[in-house]
Amino acid sequence: MTTDDTARFQVELGDEPPVDTDFTPIYRFLRMLVHWLNRLLFRTSVEGRASVPEQGPVIIAPVHRSFIDFFIVSEVTGRKLHYMAKDSLWKNPRFGRFLRSVGAFPVQRGSADRESMRRAQRVLDAGEVLVLFPEGERRSGPVIEELHEGVAFLAARTGAQVVPVGVGGSASVMPKGSKLPRPRHVHLVVGAPLAAPAANPSGRVPRSRLRATTDQLRTALQALYDRSVTVTGRY
């Protein structure tokens, strides 16, 4: 976004079907299967799980170093999760159906995808949990570099709390470009929730406050990532 404030980036919700908040049988089964695989293959451990609010809209904002982060991050809460994931993952129809079964919907990377932002806002307006990787794509290395402002934007529009999550070890399990995961320990560190950017008296959230929240998130993620890597001994 390049405008002065969020009010100029309009997201019309329209007459879309309501967000599915139910733990359907297929969702329960797949969630249990993912949990079992996380424990068996990656010995996944979680620190700070109680930091995720039990009610109300929440954006889970994890570090992103591996494809498996999509599955690993489900360990931070027992609440139903909804994911914003890159649209290329839907090229395989069967995998696309699987993604929808676990609460995912596509986003076009590198653009202000209004459809995805609209769906993400509906998830949060329904008081649900949205998983959104603030780095935008898988990155590499120990440094959390510049983040996208989508997390702060959605938090400002919905009042959602933002929960940063450090993910240590997932890059060694399945680095970018690998086809199969390797069994390694993955450790998650969940940080304290960040409040949504506050509106000014006119009801608008200035761009400067979006930037400040994004910088705060980046600082938190770096600290959490460093702690998670210390536990696993690997990125």
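The values are calculated or read from the model by the stated rules, or taken from the named source; none is laboratory data. Source: prediction; values computed, not measured. With ideal geometry, Cβ positions are generated from the backbone for all residues, glycine too; neighbour counts draw on all protein chains shown.
Quick one: in the range 16-51, which of the residues that are in a helix (DSSP H, G or I) and among the aromatic types (Phe, Trp, Tyr) is surrounded by the most Cβ atoms within 10 Å (Cβ to Cβ)? Can you show your working first?
First, the residues of the range 16-51 that are in a helix (DSSP H, G or I): 25-42, 49-51.
In the following step, the residues that additionally are among the aromatic types (Phe, Trp, Tyr) were identified as 27, 29, 36, 42.
Numbers: 27: 16, 29: 11, 36: 10, 42: 24.
Once the filter is applied, the top-ranked residue is 42.
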Query raised in the report: Of the residues that make up the range 128-136, is at least one farther than 27 Å from residue 55 by Cβ and modelled with pLDDT under 90?
Result: yes
Query raised in the report: Considering 169, 159, 177, which residue is surrounded by 22 or more Cβ atoms within 10 Å (Cβ to Cβ), over 25 Å from residue 27 (Cα atoms) and not aromatic (Phe, Trp, Tyr)?
Result: 169
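Evaluate the range 180-187: report whether one residue or more is without any contact (Cβ under 8 Å) to a residue 60 or more places away in the chain and of a type outside the set (A, V, I, L, M).
Kept after step one, since they are without any contact (Cβ under 8 Å) to a residue 60 or more places away in the chain, are these residues of the range 180-187: 180, 182.
Right, trim to of a type outside the set (A, V, I, L, M) and you get 182.
So far as the range 180-187 goes, yes, one or more of its residues are without any contact (Cβ under 8 Å) to a residue 60 or more places away in the chain and of a type outside the set (A, V, I, L, M).
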Requested in this report: Output the residue which, of all residues in the range 188-235 that are under 16 Å from residue 62 (Cβ atoms) and small (Gly, Ala, Ser), is surrounded by the most Cβ atoms within 10 Å (Cβ to Cβ).
Outcome: 228
**Report entry** Filter pass, residue 54 being charged (D, E, K, R) and not in a helix (DSSP H, G or I)
**Finding:** yes
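Report whether or not residue 54 is surrounded by 17 or more Cβ atoms within 10 Å (Cβ to Cβ), among the acidic types (Asp, Glu) and farther than 16 Å from residue 153 by Cα.
Details: surrounded by 17 or more Cβ atoms within 10 Å (Cβ to Cβ): no; among the acidic types (Asp, Glu): yes; farther than 16 Å from residue 153 by Cα: yes.
No.
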Report task. Among the numbered conditions (1) closer than 30 Å to residue 25 by Cα; (2) acidic (Asp, Glu); (3) in contact with a strand residue (DSSP E or B) (Cβ under 9 Å, 6 or more places away or on another chain), tell me where residue 125 comes up short. Result -> (3)
Requested in this report: Take the range 140-184 and flag every residue that is in a loop (DSSP other than H, G, I, E, B), closer than 29 Å to residue 204 by Cα and touching a strand residue (DSSP E or B) at 6+ places or on another chain (Cβ under 7 Å).
Outcome: 160
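Looking for whichever is assigned to a strand (DSSP E or B) and more than 17 Å from residue 194 (Cα to Cα) here; the options are 82, 64. Which one fits?
On the way: 64 fails: assigned to a strand (DSSP E or B).
So the residue among 82, 64 that is assigned to a strand (DSSP E or B) and more than 17 Å from residue 194 (Cα to Cα) is 82.
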Report task. Considering every residue within the range 185-203, establish whether at least one is of a type in the set (Ser, Thr, Tyr) and at pLDDT below 95. Result -> yes
Report summary line: Flagged in the range 100-136 as in contact with a Pro (Cβ under 8 Å, 6 or more places away or on another chain), within 29 Å of residue 222 (Cα to Cα) and surrounded by fewer than 18 Cβ atoms within 10 Å (Cβ to Cβ), in numbering order, are 125, 127
Query raised in the report: Do the conditions hold for residue 182, that is, is it farther than 29 Å from residue 45 by Cβ, surrounded by fewer than 19 Cβ atoms within 10 Å (Cβ to Cβ) and either of a type in the set (Lys, Arg) or in contact with a Ser or Thr (Cβ under 9 Å, 6 or more places away or on another chain) (or both)?
Result: no
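Within the bounds of the range 118-134, is there any residue that is closer than 21 Å to residue 207 by Cβ, among the basic types (Lys, Arg) and either out of contact with any helix residue (DSSP H, G or I) (no Cβ under 9 Å at 6 or more places or on another chain) or assigned to a loop (DSSP other than H, G, I, E, B) (or both)? Don't jump to the end; show me each part of the working.
Just the residues of the range 118-134 that are closer than 21 Å to residue 207 by Cβ, to begin with: 118, 120-121, 124, 132, 134.
Remaining after also requiring among the basic types (Lys, Arg): 118.
Then keep just the ones that are either out of contact with any helix residue (DSSP H, G or I) (no Cβ under 9 Å at 6 or more places or on another chain) or assigned to a loop (DSSP other than H, G, I, E, B) (or both); that gives 118.
Yes, that holds for at least one residue.
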